[in-house]
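See structure below.
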Amino acid sequence: MRSTSTERLVWVLPESLRTELSEPLDRILDAREYLDALRRAPLGVTVGDVVTATALENGVKPALSIVDGKTKRKEEGRVWSYESSVWNPPGCVTFEAMLRIYQLLEKGQVTTLFVDGEEDLLVIPVILLSRDGTLVCYGQPDRGVVCITVNKTKRHLALDVFRRMEVRIL
């Protein structure tokens, strides 16, 4: 089958993984602990609007921030200034999003990626594509912030999740 320009490769989160991924991938930090960890990190990445806004409002600029303009899947009214955007539907990881994350991480400049759709699952490719020692932070709704220091073990965990996602062409 020949691909057309409108077909896109995506990995879809199966129902069997939803409960597993609703649990934090590491320890939950409060705002003070989160900001301290992000300040100390050699390279920091934030995934999510509230986590990113908290960092920026406290003078901490992550190397890469990934936002979608929503909190708990509702429009929040915050206007983001961003250098790049990508399409990534809810419950999915697109090849396009993975490629863009890779490019932005390699570029090595402070940047914001705006997601048309949902950014939640992009934590997985960020862990897979980041260098060891990178601190990847995302919100755990109503509980705090999860910060993961990328290493071989965490990359293996992310790869295990990624491999269990369903590959589709949309």
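Things worth noting here:
- Once backbone amide H atoms are built at 1.01 Å from N, Thr134 has Val150 as its partners under 5 Å, excluding neighbours fewer than 5 places away on the same chain.
- Exposure rule at most 16 other beta-carbon atoms within 10 Å, DSSP loop GluC sites (Glu not before Pro): the chain longest free segment: 8-75
- Each residue of the range 53-58 was assigned a 3J(HN,Hα) from its phi angle through the Karplus expression (A = 6.51, B = -1.76, C = 1.60, θ = phi - 60°), giving 4, 4, 4, 5, 5, 9 Hz with x at Gly and Pro.
- Here the Kirkwood formula, the inverse mean of 1/r across different C-alpha pairs, assigns the range 94-170 a hydrodynamic radius of 13.5 Å.
- Per-residue Karplus couplings for the range 148-153, computed as 6.51 cos²θ - 1.76 cosθ + 1.60 with θ equal to phi - 60°, are listed in order as 10, 8, 5, 8, 4, 5 Hz, Gly and Pro entered as x.
- Between the amide H of Leu29 and those of Val145, Val146, Cys147, distances stay under 5 Å, these residues lying 5 or more places away or on another chain, with hydrogens modeled in the peptide plane.
- For the range 36-106, trypsin sites (Lys or Arg not before Pro) are listed when DSSP marks them as loop and at most 12 other Cβ atoms sit within 10 Å of their Cβ; the list is Lys72, Arg73.
- Trp11 exposes around 30 Å² of accessible area when a 1.4 Å probe is run over every protein chain in place.
- Lys, Arg +1 and Asp, Glu -1 on Cβ, resulting dipole of the range 90-170 about Cα centre, debye, nearest 20: 380
- Span from the the range 4-64 Cα centroid across to the the range 111-143 one, whole angstrom: 4
- Over all Cα atoms in the chain, the spread is summed up by Rg and Dmax: 15.2, 52 Å.
- Rounded to the nearest 20 debye, dipole of the chain from Cβ charges on Lys, Arg, Asp, Glu: 380
- Projected area averaged over orientations for the range 12-85, convex hull of C-alpha atoms, nm²: 6.3
- For the chain, DSSP calls about 50 percent of its internal beta bridges antiparallel.
- Surface listing: Thr153, Thr71, Thr111 arranged by accessible area from highest to lowest gives Thr153, Thr71, Thr111, probe 1.4 Å.
- Using θ = phi - 60° and Karplus 6.51 cos²θ - 1.76 cosθ + 1.60, couplings along the range 134-146 (whole Hz; Gly, Pro as x): 5, 9, 9, 10, 9, x, 10, x, 6, 10, x, 10, 9
- Lys pairs under 24 Å by Cα in the chain, provided they are eight or more residues apart or on distinct chains: 6
The values are calculated or read from the model by the stated rules, or taken from the named source; none is laboratory data. None of these values were measured; they are calculated from a predicted model. When we count neighbours, we look across all protein chains shown, and the Cβ atoms used for this are built from the backbone with ideal geometry, even at glycine. SASA here: full protein model, heavy atoms, side chains in, ligands and nucleic acids out. Shrake-Rupley method; radii C 1.70, N 1.55, O 1.52, S 1.80 Å.
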